[in-house]
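The structure under discussion appears below in the form of structure tokens.
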Amino acid sequence: MVAPSMDVLVALCKRRGFIYPSSSVYGGLAGMYDYGPLGVELKNNLKNAWWQSMVHDRDDVDGLDSCIMMDQTVLKYSGHESTFTDPLVDCRECKMRMRADFIENNQCIGCKSTNLTEARDFNLMFSTSIGPIASSENKAYLRPETAQGIFMNFKNVLDSQSRKLPFGIAQIGKAFRNEITPRNFIFRVREFEQMELEFFVSPGDDESWHQYWIDTRYQWWQDQGLSPKRLTKAEQTADDLAHYAKRTVDLLYTFPHGPDEIEGIANRTDYDLGSHTKEQDQLNIQAKVSENQHATQRLAIKNLETNAWQVPYVIEPSCGVDRGLLAILSEAYEEEELENGSTRIVLKLKPHLAPIKVAVIPIAKNNEQILNMTQKILKILKAHIPGKILLENTGNIGKAYRRHDEIGTPFCVTIDFDTISAEDATHPGTLTIRDRDSMTQTRVSIADLVPTLIKMNTLPQDCPA
Ligand code: GAP
């Protein structure tokens, strides 16, 4: 199976209402995208699947939703002010700016000139100020990762939920990075969403928990439909490691532009809680953290056996929603040659991710009886199947099937004259269910519609049948 090109995916996303360039009426903003009616459904379904597996299915993880804007002190002591940089070079010929580590043979990405400046560090954080007058005292940052909001709330969650190690705090939310070279559609953007878990463990237990999360996350992406042939684990080298990490394993997906990171699973040691804690000298912190004069809390936990305070280690599986979505779209996209010589475009999305769960199609668009029956069927489906159920009343069944193949709707239900012809126990009305992947059509009675769809796995994976 050949992966689609990025151009093909971009065109499909625009044509069918998944993703549009942002501020496009005024020419667009580089590295920013808006999610349309189908994109937002797909994105919410992906986030719900993550939340289900990380928070609802587990007894050792709590959820959180912290602020996007953060006090500059947080990002100072987290190390982001001094180290969250990329090397930037300018082309003296065409004036293009680019990341030094993205160029090949010391040549400008645009005009291929080798007349480039020396690389200099460029901090990726967006800053702003809080209140009416901008000054250095009221400077704030848009968070570059959701993780720091979790560390800020470590003590709140620990105390309010009476947690003991090991336990985790999960969060989904926006993150912002002023990328020098946003590229590859929604792969590298300036505003994106992360799904992050900070899992706090006793020092010494960190390596086995790290391996557990690497394996768990590798399997989870496969459960979302990514093939193991296109999903690999890659150990970061010492040069690649972030300032806080002892070891990081990346999950790489083979995108249309090549294998690239979808998720990183890092052992952040006691770096973050240590950096944000007061009385660092009394707590035997292992990581080299900067001395924090402003911290007001001891972000530590009492070891019940030794009675000593200890700063937990943190294992962090961190992935991008947008990158996940790009991988899922890329994996699901297929072009099939049909017997009649035409080509069918189909998104073979897992049903729990599909933006539309069932499309209901009346065969005649102006027949009152058919339309009344269609409303009845819609009501039944909406009462039993979570997610978006769509009325598709265009009057052209062939076109409706093609559209729903392209947007990944697992099932189309067609209401025809047999549906309304008889509605008694001996001749119950029937309708057809058309399966997206096999294109087979099954005729069932109205009473059997929901049980059949459940059997055919229409429902989200966690919905009780
Ligand atoms: N808290 C750890 C952290 O933020 P990261 O590797 O910098 O680590 C985690 O980012 C994930 O966030 C990445 O694996 C990727 O999926 C996503 N991500 C990072 N930068 C991104 C960008 N500019 N555009 C889209 N997604 C991005």
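None of the figures in this text is laboratory data; all of them are computed from the coordinates on show. None of these values were measured; they are calculated from a predicted model. Every residue, glycine as well, gets a Cβ built from its backbone with ideal geometry; the counts of neighbours run over all protein chains shown.
Using only Cα atoms, tell me the angle between helix 321-332 and the longest principal axis of the chain; keep it within 0 to 90° and round to the nearest 10.
So the inclination is approximately 40 degrees.
As a check on your grasp of the helix formula, calculate [θ] at 222 nm for the chain: sum -39500 (n - 2.57) over DSSP H runs of n ≥ 4, divide by the residue count, round to the nearest 500.
Here the helix-only value at 222 nm equals -7500 deg cm²/dmol.
Starting from the Cα-Cα distance between Arg97 and Val2, subtract it from 0.36 nm times their residue separation and give me the gain in nm to one decimal. Don't skip to the answer; put the middle values down first.
Numbers: separation 95, 0.36 × 95 = 34.20 nm, distance 3.34 nm.
Working it through step by step, the gained length comes to 30.9 nm.
Computed over the Cα atoms of region 354-455, what is the ratio Rg over Rh, Rh following Kirkwood?
0.93
Considering only DSSP beta bridges whose two residues both sit in region 354-455, what percent are antiparallel, to the nearest 5?
Restricted to region 354-455, the bridges split so that about 50 percent are antiparallel.
Could you give the angle, 0 to 90 degrees to the nearest 10, between helix 206-223's Cα long axis and the longest principal axis of the Cα atoms of the chain?
20 degrees
Using r as the Cβ-Cβ distance of Ser445 and Asn367, and R0 as 22 Å, what FRET efficiency do you calculate, to the nearest 0.05? Please report the intermediate quantities before stating the final value.
Values: r = 20 Å, r/R0 = 0.93.
Efficiency, rounded to the nearest 0.05: 0.60.
Which peptide among 243-256, 150-163 comes first, and what is the full order, when sorted by highest mean count of other Cβ atoms within 10 Å?
243-256, 150-163
Ordered by packing density, taken as the mean number of other Cβ atoms within 10 Å over each peptide's residues, highest first, how do 306-318, 368-380 rank? Write out the running numbers ahead of the final one.
Numbers: 306-318: 20.3, 368-380: 16.5.
Put in order of decreasing packing, that is 306-318, 368-380.
Compute the length gained on full extension between Lys112 and Glu406: take 0.36 nm times their separation in residues and subtract their Cα-Cα distance, giving the result in nm to one decimal.
Between Lys112 and Glu406, full extension yields an extra 102.0 nm.
Can you tell me which of 353-365, 429-441 comes out highest on packing, and rank the rest after it, using the mean Cβ neighbours within 10 Å?
On the way: 353-365: 22.8, 429-441: 16.3.
Highest-to-lowest ranking by the protection proxy: 353-365, 429-441.
Please arrange Asp90, Asp416 by how many other C-beta atoms lie within 10 Å of their C-beta, fewest to most.
Result, fewest neighbours first: Asp90, Asp416.
Take Tyr212 and Ser127, extend 7 Å from each Cα along the Cα→Cβ direction, and tell me the distance between the two endpoints in nm.
Roughly 4.1 nm, to one decimal.
So how tilted is helix 397-407 from the main axis of the chain? Cα-based, degrees 0 to 90, rounded to 10.
The angle comes out at about 10 degrees.
Going toward the positive end of the dipole of the chain, with +1 on Lys and Arg Cβ and -1 on Asp and Glu Cβ, which of Tyr253, His56, Asn115 do you reach last?
Asn115
Could you give the length gained by full extension between Ile454 and Asn393, i.e. 0.36 nm per residue of separation minus their alpha carbon distance, to one decimal place?
Stretched out fully, the Ile454 to Asn393 stretch lengthens by 19.6 nm.
Measure out, as a whole number of angstrom, how far apart the alpha-carbon centroids of region 48-116 and region 198-223 sit.
First find each Cα centre; the distance between them is then 23 Å.
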